[in-house]
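Since every read-out is calculated from the coordinates, none of them should be taken as a lab result. A quick note: this is a predicted structure, and the numbers were derived from the prediction, not measured. Neighbour counts run over all protein chains shown; Cβ positions are idealised from the backbone, glycine included.
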Amino acid sequence: MKIATFNVNSIRARIVSLCKWIKNNNPDLLFLQEIKCEQDNFPFFEFESLGYNVAVLGQKSYNGVAILSKSNFEITERNLPNFNDDAMRYLEILVTIKNQTFYAASVYVPNGCAPDANIQKEKLNYKLEWFNTLYCHLKQLQKRNLPIIIGGDFNIMMREIDVFDSSLFQNSPLYIKPVQDKIITLQNLGLYDAFRILHPNDEGFTFWDYTANSFVTNSGLRIDYIFISAKFAENLKTCYPDKTLRMTDKPSDHTVLVAEIEDNDD
């Protein structure tokens, strides 16, 4: 089973390059973030023509998440329950792939950054409260005794190796301890960082800013993650950032993170 996540940074701007990547890589499940369009304007036809079922939680010009799946699914959540939010950031399905039934979610975590200190404080509080709600929801979801896979842009760097120059981010909502602790709480639920399982000391950047030749100089960040339950962690075969989409014309500032999980017939 091949899983991928990608902050596409406008689905309509990347549709040609993304469809080409899909044809070449054939993922079973693809999580998308920052689709930046409402459901009525989403390019369903292009993905359905490639053999995918599509779930969309869209929003005009900002945010928005989607899930592409080769298998049929049931949409179980559109945005986090019990969290009043105008931003479209969480989409969850129940799906069966390779005889394994599990919950899968595409996640776009609030960034938390702002040029004004007072506004940034508000945005950081929003980010932390959003994470608290995500934790409570996943804790409840686990009571259904099915595995979970979550992929998305989490807007957090956990370690110095996850950022090209940590001195630039010491007070950033992308790197401070309170937000890092939120990832740890998810891991304490039994969700494993797929990339770090196989690559404990590799950089694994998934984002390079558009400015200052960041991609050319590899001035990147690791802010995109795939989290998996123990059942999948035991059978994890590969996990890697595929930089090919970042090298296309008019790319997203992110690239795809891919995980492959061996089939388990038990």
If I stretch the segment between residue 99 and residue 82 completely, what's the gain in nm (0.36 nm per residue apart, minus their alpha carbon distance), one decimal? 2.9 nm
Hits among lysines - C-alpha to C-alpha of residue 177 under 26 Å, sequence gap 8 or more where chains match: 121, 123, 127, 139
Please list 3J(HN,Hα) in residue order for segment 61-78, calculated via the Karplus relation 6.51 cos²θ - 1.76 cosθ + 1.60 where θ = phi - 60°; whole Hz, with x for glycine and proline. 6, 9, 6, x, 9, 8, 9, 10, 9, 6, 9, 5, 8, 10, 6, 9, 8, 10
Given 0.36 nm per residue, what is the gain on full extension from residue 44 to residue 235 after removing their alpha carbon distance, in nm? 65.6 nm
Which of 61, 166 comes first, and how do the rest follow, when ranked by fewest Cβ neighbours within 10 Å? 61, 166
Taking 224, 263, 193 and counting other beta carbon atoms within 10 angstrom, the fewest-first order is 263, 193, 224
Note on segment 1-122: contact order normalised by length, alpha-carbon pairs under 8 Å, 6 or more apart, percent, works out to 20 percent
When the dipole is taken about the Cα centre of segment 82-211, and only Lys, Arg (+1) and Asp, Glu (-1) are charged at their Cβ, what size is it in debye, to the nearest 20? 620 debye
Going by a ≥ b ≥ c, the root eigenvalues of the Cα gyration tensor, does segment 17-158 fall in the rounded group (a/c under 1.5), the prolate group (a/b larger than b/c) or the oblate group? oblate
Given unit charges at Cβ for Lys, Arg (+) and Asp, Glu (-), the dipole magnitude of segment 2-261 about its Cα centre in debye, nearest 20, is 420 debye
In the neighborhood of residue 212, defined by Cβ-to-Cβ distances under 13 Å, what is the net charge if each Lys or Arg adds +1 and each Asp or Glu adds -1? -3
How high is the relative contact order of the chain, given as a whole-number percent (alpha carbon pairs under 8 Å, six or more residues apart)? 19 percent
Where the centre of each part is set by its Cα atoms, how far does segment 88-160 sit from segment 26-84, in angstrom? 15 Å
Based on DSSP H runs of at least 4 residues, each adding -39500 (n - 2.57), what is the mean residue ellipticity at 222 nm of the chain after dividing by all its residues, to the nearest 500 deg cm²/dmol? -7500 deg cm²/dmol
Percent relative contact order of segment 132-266, based on C-alpha pairs within less than 8 angstrom and at least six residues apart? 27 percent
Once you've got the GNM for the chain with C-alpha springs shorter than 10 Å, pick whichever of 153, 28, 209 has the biggest mean-square fluctuation. 209
Partner lysines whose C-alpha sits under 18 Å from that of residue 250, ignoring same-chain residues fewer than 8 away, are 20, 36
